[in-house]
Amino acid sequence: MITFKPFENSYIEVILQMMQEFYAIDGYPIDPEKSRALFSQFIENEHFGKAWMILEDETPIGYVILTFVFMFEYQGKIAILDELYLSESVRGKGIGRQTIDFIHTEAKHLNLKIIYLEVEEHNEKAQKLYLANDFVFHHRKLMKYIVK
């Protein structure tokens, strides 16, 4: 049975291990010490977002993180589906779909107006999952500025 349990400090080490596996897929850099500190900060401040451990019969198999932003254009609080990770051994079993269904339900409870996400061009499986669950490609270009 799949359940979703809100993040708590006792999960940080498990999440860090999963996060390192997740980031390794695309070669993203990760500093476990910085991430550990960020998780503590995130858990302590409900305005930053919400995150859940994904459990199968009480065994951690993944995690999902929503981060919050307030936007006038959308008339309130929106979220970024910052990360959704499932351990390789459980992929392709419908758990991603269950997780998206859970996020849709939580979005209503959290009074979110919209959820954005990023997905790598090469990750066609993730794109298919999101498209099959009512996400659409945005017509705008995402840009970034790195504060120095």
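The values are calculated or read from the model by the stated rules, or taken from the named source; none is laboratory data. Note that this is a predicted model, so its numbers are computed, not measured. Backbone-built Cβ (ideal geometry, glycine too); neighbour counts: all protein chains shown. Heads up: the accessible areas ignore ligands, DNA and RNA and are worked out on the full protein's heavy atoms, side chains in. Shrake-Rupley method; radii C 1.70, N 1.55, O 1.52, S 1.80 Å.
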### Hey, G62 of a type outside the set (V, I, T), in contact with a strand residue (DSSP E or B) (Cβ under 6 Å, 6 or more places away or on another chain) and either more than 24 Å from I115 (Cα to Cα) or open to solvent by less than 80 Å² (accessible area, probe 1.4 Å) (or both) or not
yes
### Query
All but one of (1) open to solvent by 20 Å² or more (accessible area, probe 1.4 Å); (2) part of a helix (DSSP H, G or I); (3) touching a Pro at 6+ places or on another chain (Cβ under 8 Å) hold for K50; which doesn't?
(2)
### Summary
Residue set F39, F4; condition touching a Leu at 6+ places or on another chain (Cβ under 8 Å) and under 11 Å from Y63 (Cα atoms); output residue F4
#### Entry: Test for T67: is it of a type in the set (S, T, Y), in contact with a Phe, Trp or Tyr (Cβ under 8 Å, 6 or more places away or on another chain) and open to solvent by 20 Å² or more (accessible area, probe 1.4 Å)
yes
### Query
Here are some residues: Q75, Q41, Q98. Which one is open to solvent by 50 Å² or more (accessible area, probe 1.4 Å) and under 26 Å from H122 (Cβ atoms)?
Q98
## Note on the structure
Scanning segment 46-57 for residues that are modelled with pLDDT of 95 or more and farther than 12 Å from Y85 by Cβ gives H47, F48, G49, K50, L55, E56, D57
### Message
Can you tell me which residue is farthest from S89 (Cα to Cα) among those in segment 1-20 that are open to solvent by 80 Å² or more (accessible area, probe 1.4 Å) and in a helix (DSSP H, G or I)?
### Response
N9
### Task
Pick out the one residue from L129, L81 that is touching a residue at least 12 places away in the same chain (Cβ under 8 Å), among the hydrophobic types (A, V, I, L, M, F, W, C), outside any helix (DSSP H, G or I) and open to solvent by less than 80 Å² (accessible area, probe 1.4 Å).
L81
### Query
Do any residues in segment 90-115 that are of a type in the set (F, W, Y) have Cβ atoms under 7 Å from those of residues that are at pLDDT 95 or above, where the two are at least six apart or on different chains, and which pairs are they?
F102/F4
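Please go through segment 91-126 and give me each residue that is part of a loop (DSSP other than H, G, I, E, B) and either in contact with a strand residue (DSSP E or B) (Cβ under 6 Å, 6 or more places away or on another chain) or among the basic types (K, R) (or both), ordered by number.
If we filter segment 91-126 for residues that are part of a loop (DSSP other than H, G, I, E, B), which is where we start, we get 91-94, 110-114, 118-123.
If the condition is that a residue be part of a loop (DSSP other than H, G, I, E, B) and either in contact with a strand residue (DSSP E or B) (Cβ under 6 Å, 6 or more places away or on another chain) or among the basic types (K, R) (or both), then R91, K93, L112, K113, I114 are the ones that fit.
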